[in-house]
Amino acid sequence: MRTTVKEIMTSEVASVNGTTPFKDVAEVLIVHGGSTVPVVDAENHVLGVVSEADLLCKEEFRERYYAEGYKPPVRARLRHRPSEKGPDVKRKATGDTAVEVMTTTAVTVPATASVVMATRLMDEHGVKRLIVVADDDTLQGIVSRHDLLKVFVRPVADIASEIREDVLERSPWMETPSVTVEVRQGNVTPSGWMERRSETAIAMRMIARVDGVVDVIDELEWRHDTFAWGK
């Protein structure tokens with residue numbers, strides 16, 4: 001069984017609604033020690049997310065929109081140049097409620113998604129946390145990079161059992177009765193004999209995909225150096 005986001009996520013998540021005042025949003029982030037807080041509607045559907053960076057727009061761009069004498073660094077001004085994000089930055093810098101300062105394109109992931117999918121989404125969007133939603137887009141929790149690391153501390157017995165039962169014993173296209181598996185510190189060493197060299201390569205790839213596997217050390221041997229469809 002592949003580990004799903006629901007199994008490792010943090011389900012007790014603080015959230016705010018669109019009318020939550022700016023200062024209360026900031027307090028939620030401080031009290032709960034997070035860097036983001038989901039914004040939800042009355043039915044708990046995710047509308048967006050407020051991050052520390054969203055709130056800090058009010059200070060960072062105070063001189064531009066409030067004329068209080070502060071001039072943001074050149075790097076910050078280039079990052080939010082008007083041609084690309086001007087309206088969005090102004091909304092956040094002058095906003096007083098959660099809906100006015102939030103990022104509307106919250107990166108979400110289904111609770112039923114695999115850890116692999118969650119990891120790829122984080123990498124694709126350059127974020128450290130994902131909002132977890134149900135099929136109807138209601139808030140279920142938050143999954144962080146820290147949560148994703150949990151798959152690498154799976155008990156050795158669970159990893160070995162999954163490899164034997166789900167990868168080796170249930171594969172209808174290859175015979176593996178003489179294959180043994182040893183797991184140490186997440187490193188898996190399959191050894192023994194298989195019929196074809198191509199089958200050992202497939203087995204290695206499938207073992208590497210099991211949650212909690214750090215590395216695979218190939219000690220498998222084969223009887224025929226042929227592909228599965230050749231004789």
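Readers should treat all values here as calculations from the given coordinates under stated rules, not as data from a laboratory. These numbers come from a predicted model, not from an experiment. Backbone-built Cβ (ideal geometry, glycine too); neighbour counts: all protein chains shown.
Before moving on, here are some points about what is shown:
- Count of residues meeting criterion [closer than 30 Å to HIS45 by Cβ and not β-branched (Val, Ile, Thr)] in the stretch 142-201: 7
- Only one of ASP211, ASP147, ASP166 that is acidic (Asp, Glu) and assigned to a loop (DSSP other than H, G, I, E, B): ASP211
- If you go through the stretch 148-172 and pick out every residue that is among the aliphatic types (A, V, I, L, M) and more than 13 Å from ARG184 (Cα to Cα), you end up with 6.
So that you can scan it fast, the table gives a plain yes or no per residue for (1) under 30 Å from SER11 (Cβ atoms); (2) among the polar types (S, T, N, Q):
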| position | (1), (2) |
| --- | --- |
| ARG154 | yes, no |
| GLU169 | no, no |
| GLU175 | no, no |
| GLN185 | yes, yes |
| GLY192 | no, no |
| ASP211 | yes, no |
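- Of all the listed residues (VAL107, VAL115, VAL99), the sole one being within 21 Å of the chain's Cα centre (by Cα) and touching a residue at least 60 places away in the same chain (Cβ under 8 Å) is VAL115.
- For the stretch 120-133, the set of residues classified as part of a helix (DSSP H, G or I) and either in contact with a Phe, Trp or Tyr (Cβ under 7 Å, 6 or more places away or on another chain) or crowded, with 16+ Cβ neighbours inside 10 Å (or both) consists of LEU121, MET122, listed by residue number.
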